[in-house]
Amino acid sequence: MKHAKLFLAFSAFLLPFIIYIFTLAPSVGFTDAGELAASALTLGIAHPSGYPLFIILAHLWAALPFSASKIYQMNLFSAFITAASVPFFFLSIFNILKFISLKKSQDLSISDKKFKKKSNLIKHDFLSFDYNENAFAIIAFAISLAYAFAALVWQQANSIEVYSLHLLLLNITIFAALKSALFGDKKWDYAAALFLGLCFANHLTTILLVPALLYLYFTPNGKFDFSKNRFKNFALLIIPIFIGLSLYLYLPIRASMQPDFNWGYVSRNWDKFIYHASGKQYQIWMQEGSAVWGKNLGIFFSLIWEQLLFIFILPSIAAFSLFNLSGKKPFWLLMTLLGPIFTPFYLIYKLEKRIFYFFLILAIFCIAYSMNYSIHDISSYFLAAYMSIIAIFGISSIALSKYKLSTLCLILIIPLFSLAYNYSSSDVSDDYTVQEYTKILVDNLEPNAIILSAQWDYWVSPFWYYQKIENYRKDIVLVEKELMRRTWYPYQFTKWYPDIAKKSETELALFLPHLENFEEDKPYDNIAIQSTYLNYMNSFIDRNIDKHPIYITYDVLQSDPGIGEKYNKIPHGFALKLTKDTNYVQPKLHKINIDKFISSLKGKKGHLYDGIAMTAAANLMNIARYAEFNNDSKTAESAMQLADRIRIFNSKK
């Protein structure tokens, strides 16, 4: 059995990894992907909370001899570590099924190794099943593949993302904690504590796992144990946790070395380190109220089908299998019908309350935390909750272990359904959407241009990667409008573009004290901070417009119309050129090739894809309006045709 279990554990890694490779993104993706990849490749400091473990591991991965592009190599890293989380999920489910069987056999006095592995029907209350490790392995394997092909898990494997490592560390921590709690092997407590610390060193939402782990630790025999000895042992676990957490020392140490990517400049002082490591700048999106709770809860339930899919069938089959084994036939008939809703929770509660409460606590804390967070990519914060629910469904299928192995193997069809159902929506192997948008925008900028923008999700973060890693358009100066509201970014900007930064030193000196007060929660003048900010941003335009082409993107015009307000704005590709001249400049539509951009949108769903398509179309419609206003009907018609191609295609996806 040992070799069979190891084979299935390895297969639980290899099969998803192969599938992930086929669906892997070939290029840079939305939002943080470009910046995160560039930070890892240069061994820099990423956006809050810094993700030191991820950056270090991804940098080591980049040293491996791959012939592919660096961004593809970074995407492959996420695929690898997401796949690596699957065997630990498999082992956790297997160990739980094994423990339940051992416990319900009322033979726990016999050690695990000495347990007689004969097929012995175990009867407990309503439930009958065999102690059959082969059957448990098959059930665990099927459930682990269903987890691997859950849409949200699969999504983390497709491009560089810190949640991929979070899934791996989360599963290792749970595996180690369950190993200790179920089988009494206390050395696994220290392993769980160490990986919990490492998990914190990757993502701070690890805190959501802590209540469930505390419950598991302080209920060693199913009852709460707050004895002095229990607390003494718990105190020792703080040491490996802090060993894992010590990786945060990477941030100030590496920041002091002035890497190319140095988000936060955390080596300045302790407050800046805490500000960055705690992700304080994102806390403004917490506790937004009941409207956000309702919206996020709706998102959670709207995504649940793509995560669970046909796993819903298993509890119904398990309940139906009990129909003829119990005198409560009406009850089990009802449970069969309600299987997808109620049965798995009822079964696992009756089988082992500690496991039930462990996963329930993890799911509840995950959902409760996420309800308060008003961000567009909230779905990733539901990962632990979905993982818990998948585990509950898998464990509740233990009743199926009494079937012959040849029959039981039929449940492997279920993850195949998940694979087939989610494949097309998870396949981003032809996705060049962000790359094409970025290159259309940037290729239409004149040499030595300066551009002000806050389109982080669509092109700013990707351009950081392309310019600093692939040396693409090194002549362009990018001013990230919103990051200029953070005290660290002027330092980063000066490092990247010293000549341009030097011209605006006077305005920065007036703006920075107000910004420091704002960032440190000290009293500040709203009017003064906004006026000095606008003066600083306009200084990039005023001091350079005679020597450099200056551009802004439409989001700047919409959110901060005071930036560049005294200049004329001419549509130029996916940006606006600022000029003192009022003469008509005919747009160069031949430099806007949207074919690959449109083809990349095919089959892609989600607000980011819709948003980038709408933004591209809006840019083209603005060109059309500008041309029409200047009596250039031919150019206006051509631009509108391009816009319509994007809008019509996007509406038919």
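General remarks:
- Condition met for residue 52 (of a type outside the set (A, V, I, L, M, F, W, C), touching a residue at least 40 places away in the same chain (Cβ under 8 Å) and surrounded by fewer than 19 Cβ atoms within 10 Å (Cβ to Cβ)): no
- Of the residues making up the range 135-145, at least one is within 29 Å of residue 37 (Cα to Cα) and either touching a residue at least 12 places away in the same chain (Cβ under 8 Å) or not in a helix (DSSP H, G or I) (or both).
- Candidates 458, 421 - the one that is modelled with pLDDT of 95 or more, among the aromatic types (Phe, Trp, Tyr) and assigned to a helix (DSSP H, G or I): 458
- The single residue among 491, 437, 466, 432 that is in contact with a strand residue (DSSP E or B) (Cβ under 8 Å, 6 or more places away or on another chain) and either in contact (Cβ under 8 Å) with a residue 24 or more places away in the chain or not assigned by TED's automatic domain parsing to the domain that holds residue 29 (or both) turns out to be 491.
- Selected residue (only one of 388, 380, 397, 406 is over 18 Å from residue 209 (Cα atoms) and in contact (Cβ under 8 Å) with a residue 24 or more places away in the chain): 397
- Cross-chain or 6+ apart pairs with Cβ under 7 Å, the range 518-538 first and at negative phi and in the same structural domain as residue 486 (by TED's automatic domain parsing), then crowded, with 17+ Cβ neighbours inside 10 Å and small (Gly, Ala, Ser): 536/504; 538/564
- For residue 154: the one exception among (1) without any contact (Cβ under 8 Å) to a residue 24 or more places away in the chain; (2) of a type in the set (Phe, Trp, Tyr); (3) within 30 Å of residue 299 (Cβ to Cβ): (1)
- Scope the range 205-229; condition in a loop (DSSP other than H, G, I, E, B) and either farther than 30 Å from residue 383 by Cβ or modelled with pLDDT of 95 or more (or both); matching residues: 221, 223, 225, 226, 227
- Taken over the range 583-628, the criterion of being of a type in the set (A, V, I, L, M, F, W, C), in contact with a helix residue (DSSP H, G or I) (Cβ under 7 Å, 6 or more places away or on another chain) and part of a loop (DSSP other than H, G, I, E, B) is satisfied by 592, 594.
- Any chance residue 42 is touching a residue at least 24 places away in the same chain (Cβ under 8 Å), in contact with an Asp or Glu (Cβ under 8 Å, 6 or more places away or on another chain) and β-branched (Val, Ile, Thr): yes
- Near pairs, Cβ below 7 angstrom, 6+ apart or cross-chain, from the range 543-563 (in the same structural domain as residue 445 (by TED's automatic domain parsing)) to any residue that is of a type in the set (Asp, Glu) and surrounded by fewer than 18 Cβ atoms within 10 Å (Cβ to Cβ): 549/446
- Residues in the range 51-69 that are part of a loop (DSSP other than H, G, I, E, B) and at pLDDT 95 or above: 51 only.
- Residue check for residue 325: touching a strand residue (DSSP E or B) at 6+ places or on another chain (Cβ under 7 Å), modelled with pLDDT under 65 and either surrounded by fewer than 17 Cβ atoms within 10 Å (Cβ to Cβ) or within 30 Å of residue 281 (Cα to Cα) (or both): yes
- From the list 68, 25, the one residue that fits, being among the small types (Gly, Ala, Ser) and surrounded by fewer than 24 Cβ atoms within 10 Å (Cβ to Cβ), is 68.
- Some residue of the range 374-385 being outside the structural domain of residue 610 (by TED's automatic domain parsing), in contact with a strand residue (DSSP E or B) (Cβ under 8 Å, 6 or more places away or on another chain) and surrounded by fewer than 24 Cβ atoms within 10 Å (Cβ to Cβ): no
The values are calculated or read from the model by the stated rules, or taken from the named source; none is laboratory data. Just so we're clear, the structure is a prediction, and the values are computed from it rather than from any experiment. Glycine also receives a Cβ, built like all others from the backbone with ideal geometry; neighbour counts cover every protein chain displayed.
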